[in-house]
2 protein chains.
Amino acid sequence: MKQNPSKQKVIKAASTLFFQKGFHGTSVRDIAERASVNVSSISYYFNSKQGLLEYAVTNYYEDYLSSIEKTLNETNLLTPMDKLHSLISTIIQYKQNNFQLTCFIQRELSLDSVFVREMTVTYLAKENFYLKKTFFDLLGKRLKSDYKQYLFMQLKGMLITPYILHNDWKNQVVGDYSRQLFVKKYVRVIKDWLDFIVMSSEDIKRKAVN
Amino acid sequence: MKQNPSKQKVIKAASTLFFQKGFHGTSVRDIAERASVNVSSISYYFNSKQGLLEYAVTNYYEDYLSSIEKTLNETNLLTPMDKLHSLISTIIQYKQNNFQLTCFIQRELSLDSVFVREMTVTYLAKENFYLKKTFFDLLGKRLKSDYKQYLFMQLKGMLITPYILHNDWKNQVVGDYSRQLFVKKYVRVIKDWLDFIVMSSEDIKRKAVN
DNA sequence: ATTTGTCGAGTGAAAAATGAAGGATATATT
DNA sequence: AATATATCCTTCATTTTTCACTCGACAAAT
């Protein structure tokens with residue numbers, strides 16, 4: 001499983017630079033220099049700059065979806081709430097472990113390109129499916145479908161916010177310890193919100209019965 | 001107030017293309033072609049591609065901050081909750097009216113460049129200050145400062161989510177009518193959340209007294 | 001007549017991609 | 001074990017493409 005060190009070095013350098021300057025804002029020379037390899041190596045391993053991007057992103061999402069699927073399997077017997085809670089925890093954990101790529105991909109995905117559309121159908125659709133199913137299982141059939149959509153958007157927003165507003169947090173979250181602490185606390189904050197919407201949707205149900 | 005049509009055409013074309021392909025992913029030729037003007041016009045009006053960017057973004061933020069300040073002045077006598085509610089409404093409204101630029105700027109702001117840092121100190125700092133003050137006034141001194149920070153991040157996340165996950169919504173929100181409807185409904189969803197956190201923070205206070 | 005705006009051609013720099021050659025390492029052959 | 005061979009990796013030099021920006025001429029408006 002131990003890959004070629006150069007190849008790995010390139011990916012690492014690319015992740016950092018793409019994160020800082022974006023895909024188009026980074027040149028292959030920059031990447032090569034940062035990785036301390038020759039420019040041509042990049043063509044050799046990935047054919048092109050685009051190839052490098054695709055390799056990195058594909059890897060990221062393959063792993064990401066595996067984690068999600070694993071969690072869903074392992075939590076099959078739990079309550080909907082516990083299941084969703086585990087899922088959220090897994091997602092935030094993964095994103096935290098792949099911080100730079102997460103930020104970069106999140107940003108790049110809001111573009112309009114062939115590549116983005118491809119990623120959307122192959123990976124994002126799945127992620128969305130899993131998350132939506134788990135979330136809607138929790139909500140049940142109480143709320144209006146329209147309102148549920150908005151709540152779902154709110155949930156998705158919470159899962160990406162730290163990786164878009166990372167500039168707001170870089171001063172506070174530093175080092176491995178505080179990074180793990182962040183995961184714990186942030187998942188807790190989302191959990192509070194979940195408890196609230198479940199509670200208030202039960203209120204609605206109760207009112208409907210009376 | 002009626003500006004040169006060419007200049008406006010360029011800005012409009014640039015907004016669209018920057019939104020779709022990003023700043024570095026768009027060439028001045030692309031912009032010129034889409035705006036049906038000669039390439040040289042862009043240098044003529046804005047000196048450089050960077051100048052065009054700065055012009056657009058500066059305009060955007062000047063207007064944005066004015067709206068915010070206006071709202072804050074007009075709502076001075078209201079309760080903290082109503083004040084924050086108005087502010088949120090104004091913000092979402094403005095972003096919705098400048099949809100493409102909002103999405104673009106939001107994305108570009110997560111980069112690491114001199115320009116971003118400049119925008120941060122001149123505009124974002126102010127926005128943050130206003131929002132934070134209004135939000136913290138509402139929360140009072142009940143909650144732990146740490147937890148308040150997380151809630152504030154959650155709020156900020158809600159204000160940007162629709163402009164990052166816009167791909168998720170472009171099928172549902174089309175046309176002016178549904179756009180206005182969106183503003184109304186989305187602000188409502190945020191308001192529900194605000195009610196919740198205020199309510200639960202009062203719970204904590206009550207428990208502390210007993 | 002002077003300012004203001006438009007246009008096409010052109011320049012130089014930057015960046016991506018290519019291709020051939022050399023070196024290292026592993027595998028096979030005697 | 002020693003040599004030959006094939007495969008993988010790295011490097012340098014070069015080509016091709018893309019792109020931002022300039023220049024000078026021309027037209028329109030004031």
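The values are calculated or read from the model by the stated rules, or taken from the named source; none is laboratory data. Everything numeric here is computed off the predicted structure, so don't read it as measured data. All Cβ positions, even for glycine, are placed from backbone atoms using ideal geometry, and neighbour counts span all protein chains on display. Just the protein is used for accessible areas: all its heavy atoms, side chains included, with ligands, DNA and RNA removed. Shrake-Rupley method; radii C 1.70, N 1.55, O 1.52, S 1.80 Å.
Along the axis of the charge dipole computed for the protein assembly as shown (Cβ charges of +1 for Lys and Arg, -1 for Asp and Glu, origin at the Cα centre), the listed residues B:193, B:167, B:42 are led at the positive end by B:193. The dipole here belongs to the protein assembly as shown: it is taken about the Cα centre, uses +1 on the Cβ of Lys and Arg and -1 on the Cβ of Asp and Glu, and is about 440 debye. In plain terms, chain B is cut at each of the trypsin sites (Lys or Arg not before Pro) found in a DSSP loop with at most 16 other Cβ atoms within 10 Å, and the longest leftover piece is B:3-140.
Peptide B:64-73 is shielded by partner chain Cβ atoms: per residue, an average of 0 of them sit within 10 Å of its Cβ.
Taking the Cα centre of chain B as origin and assigning +1 to Lys and Arg Cβ atoms and -1 to Asp and Glu Cβ atoms, the resulting dipole is close to 240 debye.
For segment A:1-47, pairs of C-alpha atoms spaced more than 11 angstrom apart make up 63 percent of the total. Near residue A:60, once Lys and Arg are set to +1 and Asp and Glu to -1 for all other residues with Cβ below 12 Å from its Cβ, the sum equals -4. Basic side chains Lys and Arg get +1 at the Cβ, acidic Asp and Glu get -1 at the Cβ, and with that the dipole of segment A:1-47 about its Cα centre reaches some 140 debye.
Rg and Dmax, both from the Cα atoms of the protein assembly as shown and both in Å, are 22.7, 73.
Neighbouring Cβ atoms from other chains, within 10 Å of the Cβ of residues in B:95-103, number 0 on average. A 1.4 Å probe run over the protein assembly as shown, with the rest of the protein chains in place, finds 51 Å² accessible per residue. If you average 1/r over every pair of different alpha-carbon atoms in chain A and take one over that average, what Kirkwood value in Å do you get? The Cα-based Kirkwood calculation yields 19.1 Å. Heavy atoms only, probe 1.4 Å: what % of the accessible area of segment A:126-193 goes to carbon and sulfur, would you let me know? So the carbon and sulfur contribution to the accessible surface is 54 percent.
Kirkwood analysis of segment A:32-103, using all unique Cα-Cα pairs, places the hydrodynamic radius at 14.3 Å. Mean residue ellipticity at 222 nm, helices only, chain A: -25500 deg cm²/dmol; runs of at least 4 DSSP H residues each add -39,500 (n - 2.57), and the sum is divided by the number of residues.
For the peptide B:22-31, the mean number of other protein chain Cβ atoms found within 10 angstrom of a residue's Cβ is 3.
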